[in-house]
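Participant: Got a structure for you, questions after.
The values are calculated or read from the model by the stated rules, or taken from the named source; none is laboratory data. Quick caveat: nothing in here was measured; it's all calculated off a predicted structure. FYI the Cβ positions are ideal-geometry reconstructions off the backbone, even for glycines, and counts take in every protein chain you see. Surface accessibility is based on the protein's heavy atoms, side chains included, excluding ligands, DNA and RNA. Shrake-Rupley method; radii C 1.70, N 1.55, O 1.52, S 1.80 Å.
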Amino acid sequence: MRESTLQIALAALGISVIGLLIELKKRDNKKNKVKDNDPPIPKRQASIRRYEALILERGSVGSKDYRVHVLQKDTSQRARELSLWHDVPLVAPSAPSSAPASPRNAPPLFNFVCEIPKCTRKKFEVATDETKCPIKQDEKKGVLREFKKGDIFFNYGCFPRTWEDPRHVSKDTGYPGDNDPLDVCEIGIRQIGTGQVRAVKVLGVLAMIDDDETDWKVVAIDVDDRWAPELNDVEDVERLLPGTISFIREWFRTYKIPDGKPPNKFALDEKCMGAKYAHKVIHETHTFWCDLVQKQLGDDFGFQLPKLETLRGVANDSKMVRKISNPDLTKL
């Protein structure tokens, strides 16, 4: 087990070193490169991709009452607490209207809520059963949970306004949803803090089966990461960052073994499906979330839900994910 953890750590370190070497090489090339006539990128383009908010911690780290809350100024410039599951939009703005158009009609970016930073092991998660859904450390039988396998080597979190419906049995996996927001593995170089919201580009998705439940794992990358311009689909990850997908799959397959549980399984022949398939999963789980909130089914699942009409941007989220979703998964 220690050997497996060491291999994962070395792989993560290797990815970071490769990225640094390529970046230094590009800087050297720029010194001898003649300037082109491309228009400059507006300065606002970088800042608009971040979800501007204030992170507030309450309680002591390592205690059961520790919570990470997110605040944002409203129109009256007063700080209001956001629900990381319900208030944060699913779709992130990709660029201001004055910015150059995205190449090849690129699909939208999505807001990634980071729960567990890379290179850490405390099992933080969005508290879906609490008002405003802050982030807390998960516990089991009164004990705060950590990954006994060791540190996770990617930033781990979820997409807001998604829900894996336990009443729905996936035709592709044969199992119902796990009653949580859609999980996301962000593979960028930098560490993202707990509670931070980052715009990410979706690259693919793994269909993990955990305790006879479908537990999708979306693979994505921070849009401001050095690798983001070169990664558009899972094939690009395999070509430029070989081994990354396999390490993610094996991490999730084996992380419960130190707890005395059997390895997790994967549907779809264990294949990491591409970005188009992942967009369909996002559309489906967003639709389940809309149904959950619209019909106020919180009491059925232990959730405290807001009224759909009080949430901003839901119509835009639904429009964008419906636009990029292919209803016929057999073509993907």
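Participant: Could you check how many residues of segment 68-79 are touching a strand residue (DSSP E or B) at 6+ places or on another chain (Cβ under 9 Å) and open to solvent by 70 Å² or more (accessible area, probe 1.4 Å)?
Facilitator: 2
Participant: Take segment 222-247 and flag every residue that is touching a residue at least 60 places away in the same chain (Cβ under 8 Å), open to solvent by 50 Å² or more (accessible area, probe 1.4 Å) and within 23 Å of Ile209 (Cα to Cα).
Facilitator: Matches in segment 222-247: Phe247 only.
Participant: Identify, by number, the condition in (1) in contact (Cβ under 8 Å) with a residue 40 or more places away in the chain; (2) surrounded by fewer than 17 Cβ atoms within 10 Å (Cβ to Cβ) that Glu309 doesn't meet.
Facilitator: Evaluating Glu309 over (1) in contact (Cβ under 8 Å) with a residue 40 or more places away in the chain; (2) surrounded by fewer than 17 Cβ atoms within 10 Å (Cβ to Cβ) leaves (1) as the failure.
Participant: Ok, one more. Can you find, within segment 57-67, the residue that is least open to solvent (accessible area, probe 1.4 Å) among those that are of a type outside the set (Lys, Arg) and within 13 Å of Lys123 (Cα to Cα)? Full working, then the answer.
Facilitator: As a first pass, look at segment 57-67 and keep what is of a type outside the set (Lys, Arg): 57, 59-63, 65-66.
Keeping just the survivors that are within 13 Å of Lys123 (Cα to Cα) gives 61-63, 66.
On the way: Val61: 92, Gly62: 43, Ser63: 31, Tyr66: 15 Å².
Result: Tyr66.
Participant: Sticking with this structure for a sec: Have a look at Glu250, Glu270, Glu284 and point out the one that is out of contact with any strand residue (DSSP E or B) (no Cβ under 7 Å at 6 or more places or on another chain) and crowded, with 17+ Cβ neighbours inside 10 Å.
Facilitator: Values: Glu250 fails: crowded, with 17+ Cβ neighbours inside 10 Å; Glu270 fails: crowded, with 17+ Cβ neighbours inside 10 Å.
The match here is Glu284.
Participant: Within segment 88-108, can one find any residue that is open to solvent by less than 30 Å² (accessible area, probe 1.4 Å) and among the basic types (Lys, Arg)?
Facilitator: For segment 88-108, residues open to solvent by less than 30 Å² (accessible area, probe 1.4 Å) and among the basic types (Lys, Arg): absent.
Participant: Could you please find all residues in segment 55-82 being part of a loop (DSSP other than H, G, I, E, B) and at pLDDT 90 or above?
Facilitator: Within segment 55-82, Gly59, Ser60, Val61, Gly62, Ser63, Lys64, Asp65, Tyr66 qualify.
Participant: Of the numbered conditions (1) farther than 29 Å from Phe303 by Cβ; (2) at pLDDT below 95, Leu240 satisfies every one except a single condition; which is it?
Facilitator: With (1) farther than 29 Å from Phe303 by Cβ; (2) at pLDDT below 95 applied to Leu240, the lone miss is (2).
Participant: Can I ask one more? I'd like to know if segment 258-269 contains one or more residues that are at positive phi and at pLDDT below 95.
Facilitator: Within segment 258-269 (the criterion being at positive phi and at pLDDT below 95), the answer is yes, since at least one residue qualifies.
Participant: In this structure, does Asp180 turn out to be closer than 19 Å to Asp317 by Cβ, touching a residue at least 40 places away in the same chain (Cβ under 8 Å) and open to solvent by 20 Å² or more (accessible area, probe 1.4 Å)?
Facilitator: yes
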